[in-house]
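Where a number appears in this text, it was derived from the coordinates with a stated rule and is not lab data. Please read all numbers here as calculations on a predicted model, not as lab measurements. Quick reminder, even Gly has a Cβ in these numbers, built from the backbone with ideal geometry, and neighbours come from all protein chains shown.
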Amino acid sequence: MQKLIQYLALGMLLALAGCQSVKPAAASLLVNPAFEKGVGEQKFLGWEYEEHAGQWPGRAYEVDSVAGAGPGNSDALRVTQVHDEHYSFLHQKIRVRPDDAGKKIRFSAKLKADNVGPKGWNLVVSTIGGTGIVAMVSSGGILDVFVSTPVVGTSGWSNSFVTGIIPVGTTDVDVGFSLTDYGTGWAADPVLVIE
């Protein structure tokens, strides 16, 4: 009987050890990764849109969500430059905790390009923090900026990502998509993880 108890105890210990070695998939911190449309001035729920203020009346870019246009029939973001302009940026700000300092941040998505110029279609992560003189010295509180390798030309869907380390003093991270040239950029399935 004692041998049976020892074998059961050993089996339970091995089972528990096996369970602890499996790392669960991290949940994305993004709001509305499917780019569901918003109401009024908010183009997409949870996302903000801005572009460089140029000479054109109205918008220099068309921004839309296209149902079923992404990989596996997922919804996709589409940004098209209509007039020559410096950039467009669809983004959202996420609050981080002080103990996230020193941790790795990873923003990823599937990207596609249609005739995008050499400056490209990018993923961007900005870390924001500080008050008073710190905010003034660091361009309005931007502590660091991480940018993915630009997608240019015409391409099919591919995985893209940007990583960085969250600096001490960061209160928020601002993540998004930036088209900094002509053409059309597409994005689908974005994920933001801090580990």
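Some observations on this one:
- The gain in end-to-end length when the V168 to E36 segment is fully stretched comes to 44.2 nm, 0.36 nm per residue minus the alpha carbon separation.
- Spacing of the two label points (7 Å from each Cα toward its C-beta) at V147 and D64, in nm: 2.8
- Using R0 = 22 Å, the C-beta based FRET efficiency linking R95 and F161 works out to 0.50.
- Listed residue (G176, V152, L192) projecting farthest to the positive dipole end of region 96-195, Cβ model: V152
- Charge context of T163, other residues only, Cβ under 9 angstrom, K/R +1, D/E -1: +2
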